[in-house]
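Inspection log for the structure reproduced underneath, given as C-alpha cells.
The values are calculated or read from the model by the stated rules, or taken from the named source; none is laboratory data. Since the structure is predicted, the reported quantities are computational estimates derived from the model, not experimental observations. All Cβ positions, even for glycine, are placed from backbone atoms using ideal geometry, and neighbour counts span all protein chains on display.
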C-alpha cells in the first residue's frame with residue numbers, strides 16, 4: 001500500500017461520515033480488513049497531533065493496547081469488542097486530523113516505501129505488538145502534555161505496518177525508548193521532588209512545543 005493510498009483511505013473515510021461524527025465501528029468497517037496499520041494510525045492521531053482532543057487518550061489507548069495484544073499473539077486480522085466500536089470521534093476533529101495527515105504525507109511520502117519487511121513477519125509483528133502495548137499504556141497514564149510522544153510512536157508503527165517499511169518501524173522503536181525514558185524521568189521527579197517539579201517540567205514542554 002502506498003502513502004498516497006493511505007491518504008486516500010483517510011479522505012474516503014471522512015467523506016463516508018457525511019459530516020457526522022465517526023464511530024470506531026465505521027472506521028473498523030472501512031479499514032479493518034487492511035490490517036493493524038491503518039487502525040493504529042487513526043486511533044493514535046487524536047493524541048499524536050497538536051490538536052485540542054482531550055478525552056481520547058484513555059479509551060483509544062485501551063483499544064490500541066488490545067490491538068497490540070493481538071499482534072503479540074500473531075493475529076493477522078484485527079478484531080474489536082462492541083464497547084470499542086461504539087466510541088465516537090467528533091467530525092470537526094476528524095476533519096482536522098485528515099488535513100494534518102495529508103499535509104504530513106505531502107512532505108514525507110517520497111521517504112516511505114516497502115523495505116526491511118521483517119516488520120510484518122511472524123517475528124516482527126509480535127515485537128511491534130510489545131512496543132504498541134507499552135506505548136498504549138503510557139498514553140493511558142493521566143500525565144498532561146505527555147500523551148503525544150507514545151501516540152506518535154504508535155502512529156509511526158502504523159505507517160511502518162501499512163507501508164511494510166521496516167526503517168520507519170525501527171525509527172519508531174527508537175522514539176519509543178525515548179518516550180519510556182521521559183516517563184521514567186517524570187515518575188522519578190514526582191516521587192523524589194513532588195508535584196512542583198512535574199509542573200515545572202510541563203511548563204518546559206509547553207515552551208518547547210510552543211503552547
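Key figures
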{"item": "Index of the failed condition, residue 174 passing every other in (1) under 17 Å from the mean Cα position of the chain (by Cα); (2) crowded, with 18+ Cβ neighbours inside 10 Å", "result": "(2)"}
{"item": "Residue 122, sole failed condition from (1) part of a helix (DSSP H, G or I); (2) surrounded by fewer than 18 Cβ atoms within 10 Å (Cβ to Cβ)", "result": "(1)"}
{"item": "Residue that is nearest to residue 79 (Cα to Cα), among those in region 47-61 that are surrounded by fewer than 24 Cβ atoms within 10 Å (Cβ to Cβ) and at pLDDT below 85", "result": "56"}
{"item": "Leading residue by the ranking (farthest from residue 155 (Cα to Cα)) among those in region 13-24 that are modelled with pLDDT of 70 or more and either touching a helix residue (DSSP H, G or I) at 6+ places or on another chain (Cβ under 7 Å) or not in a helix (DSSP H, G or I) (or both)", "result": "20"}
{"item": "Matching entry among 27, 69, 42, 64 (being in contact with a strand residue (DSSP E or B) (Cβ under 9 Å, 6 or more places away or on another chain), at pLDDT 85 or above and either surrounded by fewer than 22 Cβ atoms within 10 Å (Cβ to Cβ) or not in a loop (DSSP other than H, G, I, E, B) (or both))", "result": "42"}
{"item": "Residue, farthest from residue 165 (Cα to Cα), within region 96-107, restricted to residues that are surrounded by 12 or more Cβ atoms within 10 Å (Cβ to Cβ) and at pLDDT 75 or above", "result": "96"}
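A quick yes/no check of all residues on (1) within 15 Å of residue 42 (Cα to Cα); (2) out of contact with any helix residue (DSSP H, G or I) (no Cβ under 9 Å at 6 or more places or on another chain); (3) touching a residue at least 40 places away in the same chain (Cβ under 8 Å):
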| position | (1), (2), (3) |
| --- | --- |
| 74 | no, no, yes |
| 77 | no, no, yes |
| 91 | yes, no, yes |
| 101 | yes, no, yes |
| 107 | no, yes, no |
| 117 | no, no, yes |
| 129 | no, no, yes |
| 132 | yes, no, yes |
